[in-house]
Amino acid sequence: MCRYRYIGRSGLKVSVIGLGTMTFGSTTSRGEAFKILDRAYEAGINFFDTAELYPVPPQKELVGLTESIVGDWLKTKPRESIILATKVAGGSSGWFTPPVRFGLTAMDRFHIKRAIEGSLKRLKTDYIDLYQMHWGDNVVPLEESLRAFDELVKEGKVRYIGTSNDTAYGLTKATLIAKYENLARFESIQNNFSILNPRFFDELEQVCRKENISLLPYSPIAGGILSGKYNQSYIPPDARFSIYLKSPIRRVREHAKKFFNEKSLTATSEFLKIAKRFDFHPVTLAVAYSKHFDFVASTIVGARKVEQLEPILKAFEVTLPREVLKEIKKLQQRYLYPMG
């Protein structure tokens, strides 16, 4: 069974399950983060994803803490045994103003250079395997962004580049610019993708297939919704959306409602029946579904506690039967885009 795949046309050979780190330093302590990282590494995960903006929800006082934790752990392992990914915060013209560089971030040469130097220092390494644009910029021309990324590749600080939270238009345009300007191109796109959010199929799937660009799905368990814990009579008070829905920050509450809503919970109740009928742990089934597709290089999972990794890791060995995939497709057709 294939446990590793290449990202796009790059030389990055990554485990089909990767570890996201966005809770490290907020709802996950440093000690617990080390346990999670160690367990993932021992299980064969070699792809680790972080960002200069982490942990979440983003706070000025905590920005960069996740990278620092990952960097400390990285020193305990052979560097070349790990494929490390991080991200530069997107433009402040985007969907929110990031609490980094005084909220004046942009996808221009200055900010990209500043961001990479900070990440390299916190991660305690001299290169990043995959450097990603966290989200696009509505003001700075994409040509300028790609030239800045290309310089980082030429300098040896970055091996390959990718994008995140992007559109079919954005990815296609970036690919064409890179081709005709002879610049490093985006080898990956990291977007939300799960049984509850199959929007990637609408247009981006075709772009990835035609251009040999890999999807690195995040939230394959829909932020924990597909685990079924929010469908229980007792919802853990320390669960992500239990915390987010009580946040004083409106954007955080609105983000939670995209995941945690009546339609998503109803769809999840049907998904749980499928998992039970075919004898799958719901988390294992959700992750196995995400990694099933050939345009996916590595499915990025998250865990706040080390024990949460176990049903995730079982997905390494799972190949979903056709009958299961048919049932999931029927579910998606019945509950179209439950995450809004």
- What do you reckon, is TRP95 assigned to a loop (DSSP other than H, G, I, E, B) and either farther than 18 Å from ILE161 by Cα or under 16 Å from the mean Cα position of the chain (by Cα) (or both)? yes
- Query: Can you find a residue in region 34-41 that is within 19 Å of SER219 (Cβ to Cβ) and either crowded, with 23+ Cβ neighbours inside 10 Å or of a type outside the set (A, V, I, L, M, F, W, C) (or both)?
  - Reply: yes
- Task: Only residues that are among the aromatic types (Phe, Trp, Tyr) and outside any loop (DSSP other than H, G, I, E, B): list them for region 261-300, please.
- Result: PHE271, TYR289
- Members of region 261-298 found to be among the hydroxyl-bearing types (Ser, Thr, Tyr), without any contact (Cβ under 8 Å) to a residue 60 or more places away in the chain and buried (at least 19 other Cβ atoms within 10 Å of the Cβ), listed by number: THR284
- Task: Would you check if LYS77 is at pLDDT 95 or above, over 22 Å from GLY223 (Cα atoms) and not in a helix (DSSP H, G or I)?
- Result: yes
- Note on the structure: Picked from region 91-141 (must be charged (D, E, K, R) and free of Cβ contacts under 8 Å to residues at least 24 places away in the same chain), the residue surrounded by the most Cβ atoms within 10 Å (Cβ to Cβ) is ARG101
- Query: What's the number of the condition THR319 fails, among (1) surrounded by fewer than 20 Cβ atoms within 10 Å (Cβ to Cβ); (2) part of a helix (DSSP H, G or I)?
  - Reply: (2)
- Note on the structure: Residue pairs qualifying under the 6 Å Cβ cut-off, at least six apart or on distinct chains, with the first in region 312-330 being closer than 18 Å to PRO198 by Cβ and the second being of a type in the set (A, V, I, L, M, F, W, C) and surrounded by fewer than 17 Cβ atoms within 10 Å (Cβ to Cβ), are VAL324/PHE278
- Task: Check LEU309 against each of (1) in contact (Cβ under 8 Å) with a residue 40 or more places away in the chain; (2) in a helix (DSSP H, G or I); (3) within 21 Å of GLU205 (Cβ to Cβ) and name the one condition it does not meet.
- Result: (3)
- Message: Regarding region 49-62, can at least one residue be identified that is on the phi < 0 side of the Ramachandran plot, touching a Ser or Thr at 6+ places or on another chain (Cβ under 9 Å), of a type in the set (S, T, N, Q) and surrounded by fewer than 20 Cβ atoms within 10 Å (Cβ to Cβ)?
- Response: yes
- Item | Positions within region 112-141 being charged (D, E, K, R) and assigned to a loop (DSSP other than H, G, I, E, B), in sequence order | LYS124, ASP126, ASP137
- Task: Tell me which of these VAL70 doesn't satisfy, since it passes every other one: (1) aliphatic (A, V, I, L, M); (2) in contact with a helix residue (DSSP H, G or I) (Cβ under 7 Å, 6 or more places away or on another chain); (3) without any contact (Cβ under 8 Å) to a residue 24 or more places away in the chain.
- Result: (3)
- Task: Mind checking which helices (runs of 4 or more DSSP H) fall wholly inside region 142-260 and carry at least 2 residues that are of a type in the set (Gly, Ala, Ser) and free of Cβ contacts under 8 Å to residues at least 60 places away in the same chain?
- Result: 142-155, 168-181
- Task: Filter region 114-169 down to the residues that are within 20 Å of the chain's Cα centre (by Cα) and among the acidic types (Asp, Glu), then identify the one that is nearest to GLY8 (Cα to Cα).
- Result: ASP129
- Message: Out of SER233, SER164, I need the residue that is among the hydroxyl-bearing types (Ser, Thr, Tyr), within 27 Å of ARG253 (Cβ to Cβ), modelled with pLDDT under 95 and surrounded by fewer than 24 Cβ atoms within 10 Å (Cβ to Cβ). Which one?
- Response: SER233
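The values are calculated or read from the model by the stated rules, or taken from the named source; none is laboratory data. Model, not experiment: these values are computed from the prediction. Every residue, glycine among them, receives a Cβ derived from its backbone with ideal geometry; neighbour counts consider all protein chains shown.
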